[in-house]
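A.B. asks: Dropping a structure here in structure tokens format, bear with me for questions.
The values are calculated or read from the model by the stated rules, or taken from the named source; none is laboratory data. No experiment lies behind these values; they were computed from the predicted model shown. Cβ: placed from backbone, ideal geometry, glycine included. Neighbour counts: every protein chain shown. These accessible areas exclude ligands, DNA and RNA; they are computed on the full protein's heavy atoms, side chains included. Shrake-Rupley method; radii C 1.70, N 1.55, O 1.52, S 1.80 Å.
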Amino acid sequence: MIKAIETILIDIPTIRPHKLSVATMSTQTLVLVQIQTDDGFSGWGEATTIGGLKYGDESPESVAVNIRQHIAPLLLQQDERQVGALMYRLRKNIRGNRFAKCALETALLDIQAQRLSVPMSELLGGRLRDSVPVLWTLASGDTVKDIDEAQMMLDLRRHNSFKLKIGLNSIQHDVNHVLAIKKALGADVSIRVDINQAWSELQATTAIQQLQDGGIDLIEQPLKAENRAGMARLAQRFSVAIMADETLNGPQDAWEVARLNAADVFAVKIAQSGGLTQAKELGTIARLAGISLYGGTMLEGAVGTMASAQLFATFDELEFGTELFGPLLLKQDILAEPLQYRDFALQLPTTPGLGLALDLDKIAAWRRPA
């Protein structure tokens with residue numbers, strides 16, 4: 001039986017400012033959730049958000065309060081082995097709160113996989129790969145710094161694909177910035193851009209043509225999430241891949257985007273989807289509709305990152321790789337042994353559950369007072 005559920009907020013500085021069109025991040029707040037059972041098992045999940053309420057409708061504080069006051073009472077003293085039934089109970093009684101639900105489902109699946117002595121991926125359909133490719137986001141906003149940072153990552157063999165966060169400056173400034181980096185890094189290096197909904201359709205039409213001509217490989221969520229018709233027009237007009245992100249908040253959204261042909265690629269995010277099983281359904285819809293997949297991130301720490309990797313390792317195809325670099329953006333790790341990034345990929349452990357050993361002393365040192 002579930003005997004305790006704890007929510008922990010940890011504020012960790014980033015290694016550099018991380019600029020999005022909606023915010024500039026210098027600190028990331030990790031939201032960790034621990035579930036303990038009466039027979040000694042402990043599972044971890046994560047509900048980390050990005051960019052504050054300018055990005056989404058959940059905050060670290062709202063996740064913590066809602067779990068403690070509204071969601072945990074529905075789970076305490078319940079049989080943790082009945083993961084599907086428990087998540088159905090949450091979906092039936094709790095509206096929204098996708099990030100909170102994701103953290104709880106992750107912790108439950110972590111316990112279940114430990115109990116069965118298998119990696120979590122085996123509860124999600126079965127692992128097809130032992131590593132997932134990981135790109136790096138260049139988000140300093142400075143062209144020279146971004147080129148130098150990318151070259152360093154190439155030399156270290158840590159990343160060979162890069163995404164640029166744009167949309168904060170004028171259209172032409174951002175386009176020139178991206179194309180200068182692409183030219184400096186060369187044809188063999190994949191460059192993508194993420195606009196985070198910052199453009200109008202007219203602005204997007206002008207900018208995407210230049211980016212396509214300059215050899216950019218992917219355009220992520222150029223328009224507002226609600227403007228699926230506009231996304232469909234862009235996907236039809238241009239040969240460069242158009243990716244849906246913020247418009248995907250679960251399987252129903254994925255179905256609608258696929259039905260409208262409003263994207264060439266889905267960015268799958270486990271928290272944004274409402275949990276691992278819901279995110280897996282996004283992957284299934286994409287496969288059936290002929291839409292490519294990309295493993296997204298909310299810049300989680302190690303727990304959310306590895307939970308995502310456990311799912312992404314089960315996808316038949318992962319054509320555009322992942323951006324599971326969140327822990328590398330943080331000045332402090334929270335694991336006894338850090339995640340393994342090498343040869344441009346994140347390596348998945350073969351140990352039971354998430355396969356992580358959290359360092360409770362590090363967590364205590366960075367933990368926000370209750």
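A.B. asks: Got a sec? Which of 202, 185, 248 is farther than 29 Å from residue 149 by Cα and over 18 Å from the mean Cα position of the chain (by Cα)?
C.D. replies: Checking each option against the conditions leaves just 202.
A.B. asks: Quick test of your reading of the structure: residue 121 fulfils all but one of (1) in contact with a helix residue (DSSP H, G or I) (Cβ under 7 Å, 6 or more places away or on another chain); (2) surrounded by fewer than 20 Cβ atoms within 10 Å (Cβ to Cβ). Name the failing condition by number.
C.D. replies: The one condition residue 121 does not meet is (2).
A.B. asks: Among the candidates 200, 190, single out the residue that is free of Cβ contacts under 8 Å to residues at least 24 places away in the same chain and either buried (at least 21 other Cβ atoms within 10 Å of the Cβ) or among the hydroxyl-bearing types (Ser, Thr, Tyr) (or both).
C.D. replies: Selected residue: 200, the only one of 200, 190 that is free of Cβ contacts under 8 Å to residues at least 24 places away in the same chain and either buried (at least 21 other Cβ atoms within 10 Å of the Cβ) or among the hydroxyl-bearing types (Ser, Thr, Tyr) (or both).
Every residue, every condition in (1) charged (D, E, K, R); (2) touching a helix residue (DSSP H, G or I) at 6+ places or on another chain (Cβ under 9 Å), yes or no:
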| residue | (1), (2) |
| --- | --- |
| 256 | yes, yes |
| 264 | yes, yes |
| 270 | no, yes |
| 275 | no, yes |
| 279 | no, yes |
| 282 | no, yes |
| 287 | yes, no |
| 295 | no, yes |
| 299 | no, yes |
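A.B. asks: Here is a follow-up. What are the pairs with Cβ atoms under 8 angstrom where one residue, in region 46-74, is modelled with pLDDT of 95 or more and the other, located anywhere, is open to solvent by 20 Å² or more (accessible area, probe 1.4 Å) and part of a loop (DSSP other than H, G, I, E, B)? Sequence gap at least six, or different chains.
C.D. replies: The qualifying pairs are 63/97; 66/94; 66/97; 70/94; 71/94; 71/97; 74/94.
Conditions tested, residue by residue: (1) open to solvent by 10 Å² or more (accessible area, probe 1.4 Å); (2) touching a Phe, Trp or Tyr at 6+ places or on another chain (Cβ under 6 Å).
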residue: 136; (1), (2): no, yes
residue: 139; (1), (2): no, no
residue: 145; (1), (2): yes, no
residue: 152; (1), (2): yes, no
residue: 164; (1), (2): no, no
residue: 167; (1), (2): yes, no
residue: 176; (1), (2): yes, no
residue: 180; (1), (2): yes, no
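A.B. asks: Could I ask something else about it? For residues in region 33-43 being in contact (Cβ under 8 Å) with a residue 40 or more places away in the chain and surrounded by fewer than 24 Cβ atoms within 10 Å (Cβ to Cβ), which is farthest from residue 67 (Cα to Cα)?
C.D. replies: Once the filter is applied, the top-ranked residue is 41.
A.B. asks: Let me ask something additional. Scan region 251-260 for residues that are farther than 28 Å from residue 108 by Cβ and either within 13 Å of the chain's Cα centre (by Cα) or open to solvent by less than 10 Å² (accessible area, probe 1.4 Å) (or both) and report the count.
C.D. replies: Result for region 251-260: 1.
A.B. asks: Looking at (1) open to solvent by 50 Å² or more (accessible area, probe 1.4 Å); (2) in a loop (DSSP other than H, G, I, E, B), which is the one condition that is false for residue 223?
C.D. replies: Among (1) open to solvent by 50 Å² or more (accessible area, probe 1.4 Å); (2) in a loop (DSSP other than H, G, I, E, B), the lone unmet condition for residue 223 is (1).
A.B. asks: Show me the strands (runs of 3 or more DSSP E) entirely contained within region 261-370 in which 2 or more residues are more than 20 Å from residue 105 (Cβ to Cβ) and either in contact with a Leu (Cβ under 9 Å, 6 or more places away or on another chain) or open to solvent by 10 Å² or more (accessible area, probe 1.4 Å) (or both).
C.D. replies: The qualifying strands (runs of 3 or more DSSP E) are 292-295, 345-347.
A.B. asks: Further question: Working only within region 73-86, note down all residues that are within 19 Å of residue 62 (Cα to Cα) and either among the hydrophobic types (A, V, I, L, M, F, W, C) or surrounded by 14 or more Cβ atoms within 10 Å (Cβ to Cβ) (or both).
C.D. replies: 74, 75
A.B. asks: Given (1) part of a strand (DSSP E or B); (2) over 24 Å from the mean Cα position of the chain (by Cα), identify the lone condition not met by residue 193.
C.D. replies: So residue 193 meets the others, but not (2).
A.B. asks: A follow-up question, please. Conditions first: (1) closer than 26 Å to residue 222 by Cα; (2) in a strand (DSSP E or B). Residue 44 passes all but one, so which condition is the exception?
C.D. replies: Result: residue 44 passes all but (1).
A.B. asks: Considering (1) open to solvent by 50 Å² or more (accessible area, probe 1.4 Å); (2) at pLDDT 95 or above, say which one residue 30 fails and leave the rest.
C.D. replies: Going through the list (1) open to solvent by 50 Å² or more (accessible area, probe 1.4 Å); (2) at pLDDT 95 or above, residue 30 breaks only (1).
A.B. asks: With respect to residue 240, is the statement that it is surrounded by fewer than 23 Cβ atoms within 10 Å (Cβ to Cβ), of a type in the set (Val, Ile, Thr) and touching a strand residue (DSSP E or B) at 6+ places or on another chain (Cβ under 9 Å) true?
C.D. replies: yes
A.B. asks: Check 187, 204 and return the single one that is within 23 Å of residue 293 (Cα to Cα), at pLDDT below 95 and either among the small types (Gly, Ala, Ser) or assigned to a strand (DSSP E or B) (or both).
C.D. replies: Unique residue meeting the criteria: 187.
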